[in-house]
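K.L.:
Please see the structure below; I have some questions.
Bear in mind that the values in this text are calculations on the coordinates, not laboratory data. All values derive from a computational prediction rather than experimental measurement. Using ideal geometry, Cβ is built from the backbone for each residue, glycine included, and neighbour counts are taken over all protein chains shown.
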Amino acid sequence: QVELVESGGELVQAGGSLTLSCAPSGRPFSGYGVGWFRQAPGKEREFVAGITSSLGLTFYDASAKGRFTISRDNAKSTSYLQMNSLKPEDTAVYYCAEQTSGGSLSRLSLYGNWGQGTQVTVSS
């Protein structure tokens, strides 16, 4: 069963911008953090950005910091990943996930609810 739904993935040229959206399916956000991950062909899934449930504290992977912005609108039960200055190496399937246990936002094993992913392709 699908827990989260992502949207917004598209083909974009290097240097461009794109915003991804994520929303739980038929329910509000849980009481834990939300994270965005990505997986490129032949590579492991990696953490991109995360945001806590209440205060909205954010944490970014070094590759995303300064270019990407994660946010959440609890009233709309939606999380966003704003991506600027996109590079070809950002090309990947991007996944939204919810933590099901408290802990580090970057720890993959703490995320139990996942979306099916949305493709982001950045041309050179």
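K.L.:
Convex hull over the Cα atoms of the range 1-75, averaged projected area in nm²?
P.N.:
6.4 nm²
K.L.:
Out of residues 5 or more away from Asp61 or on other chains, whose amide H comes under 5 Å of its own, with H placed 1.01 Å from N in the peptide plane?
P.N.:
Ala49
K.L.:
What net charge do the residues around Cys96 carry, taking every other residue with its C-beta under 10 Å from that of Cys96, with Lys and Arg at +1 and Asp and Glu at -1? The partial results should precede the final answer.
P.N.:
Details: positive: none; negative: Glu3, Glu6, Glu98.
With Lys, Arg at +1 and Asp, Glu at -1, the neighbours total -3.
K.L.:
For every other residue with a beta carbon closer than 11 angstrom to the beta carbon of Val48, add +1 if it is Lys or Arg and -1 if Asp or Glu, then tell me the sum. Can you show the working numbers first?
P.N.:
Numbers: positive: Arg38, Arg45, Lys65, Arg67; negative: Glu46, Asp61, Asp90.
Taking every Cβ under 11 Å from that of Val48, the sum is +1.
K.L.:
What's the local net charge at Gly115, with K and R +1, D and E -1, over the other residues with C-beta under 15 Å away?
P.N.:
Details: positive: Arg27, Arg38, Arg45, Arg72; negative: Glu3, Glu6, Glu98.
Net charge in that neighbourhood comes out at +1.
K.L.:
Continuing with the same structure: Using amide H atoms built in the peptide plane, which far-off residues or other-chain residues are under 5 Å from Thr91 H to H?
P.N.:
Under 5 Å from the amide H of Thr91 lie the amide H atoms of Val122, each far enough along the sequence or on another chain.
K.L.:
If the cut-off is 17 Å between C-alpha atoms, which lysines fall inside it for Lys65, apart from same-chain ones fewer than 8 positions away?
P.N.:
The reachable lysines, counting only those whose Cα sits under 17 Å from Lys65, are Lys87.
K.L.:
Please quote Rg/Rh for the range 37-124 to two decimal places, taking the Kirkwood radius as Rh and restricting both calculations to Cα atoms. Mind showing how you got there, number by number?
P.N.:
Values: Rg = 12.8 Å, Rh = 13.6 Å.
A ratio of 0.94.
K.L.:
For the range 73-89, what does the Karplus curve 6.51 cos²θ - 1.76 cosθ + 1.60, with θ = phi - 60°, yield as ³J(HN,Hα) per residue in whole Hz, taken in order and with x for Gly and Pro?
P.N.:
The phi angles translate into 10, 5, 5, 9, 6, 9, 10, 10, 10, 8, 10, 10, 6, 5, 10, x, 5 Hz.
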